[in-house]
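K.L.:
Before I ask anything, let me first share the structure, which is written out below as structure tokens.
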Amino acid sequence: MIRVNLLPVKRKKKPKPVPVFIVVTIALVLLASIGVIYAYYNVKEEIKDLNARKAANDKRIAELKKRLKELENYESLVKSVEKKKKVIIQLRKNQAVPVRLLDVLSRHLPPGTWLKELKFRGSSLDLDGYAFTNSDVVKYVNNLKGSRFFNSVHLAESKRENLKGLKEEVSVYKFKIKADLRG
């Protein structure tokens, strides 16, 4: 006996092959994803390295700023020492001038004349003093004019005053002399 199955039989269909463009697209997407992930991690590592270098450079800059400050302090110290050295050299050069000036003034001072005040600025000299007679004042001015130490000497003022002494009042001449020193 032969059997005949009249029911439709479902046959398995052969699967359709996957289109090539879909396979290529998926492969390209996978390759691109791998490339992006690789680039991301490379950039991340490079950022870490750059941040580490930046921190090291910041530390070095801080050290160099400190050294620069020390150098500026050193330079200012050198300048101040140079100024002080120049002042000392100038004082040594001018050291003998006041001594010689006082020597000349005292050697030319006639008896009966004394100095009250002496002002010395640069090359100019102001003398205030007293004498018993006006001729002593004139003699002192002439003595100073004859000295090689002065360029010009002139009597600025001479007037008669009474000074109180221990026992009595004494009549004296108060004088002011202006002179210029030779350079």
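K.L.:
Please pick out the residue among S106, S76 that is without any contact (Cβ under 8 Å) to a residue 12 or more places away in the chain, among the small types (G, A, S) and surrounded by fewer than 10 Cβ atoms within 10 Å (Cβ to Cβ).
P.N.:
S106 is the lone residue from the list that is without any contact (Cβ under 8 Å) to a residue 12 or more places away in the chain, among the small types (G, A, S) and surrounded by fewer than 10 Cβ atoms within 10 Å (Cβ to Cβ).
K.L.:
Any idea which of V87, V138, V99, V81 is among the aliphatic types (A, V, I, L, M), under 17 Å from K178 (Cβ atoms) and without any contact (Cβ under 8 Å) to a residue 24 or more places away in the chain?
P.N.:
V138
Table: residues versus (1) within 29 Å of K93 (Cβ to Cβ); (2) surrounded by 15 or more Cβ atoms within 10 Å (Cβ to Cβ); (3) at pLDDT 90 or above.
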| site | (1), (2), (3) |
| --- | --- |
| P110 | no, yes, yes |
| R121 | yes, no, no |
| D126 | yes, no, yes |
| Y130 | no, yes, yes |
| K139 | no, yes, yes |
| N142 | no, no, yes |
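K.L.:
To continue, here is another question. Answer yes or no: is there a residue in segment 19-39 that is surrounded by 10 or more Cβ atoms within 10 Å (Cβ to Cβ), of a type in the set (F, W, Y) and without any contact (Cβ under 8 Å) to a residue 40 or more places away in the chain.
P.N.:
yes
K.L.:
Additional query: Since K174 meets every condition but one in (1) buried (at least 16 other Cβ atoms within 10 Å of the Cβ); (2) under 23 Å from Q95 (Cα atoms), which condition does it not meet?
P.N.:
(2)
K.L.:
Yes or no: segment 4-17 includes at least one residue that is assigned to a helix (DSSP H, G or I), among the hydrophobic types (A, V, I, L, M, F, W, C) and either more than 50 Å from the chain's Cα centre (by Cα) or at pLDDT 95 or above (or both).
P.N.:
no
The values are calculated or read from the model by the stated rules, or taken from the named source; none is laboratory data. All of these numbers come straight from a predicted model, not from anything done at the bench. Glycine also receives a Cβ, built like all others from the backbone with ideal geometry; neighbour counts cover every protein chain displayed.
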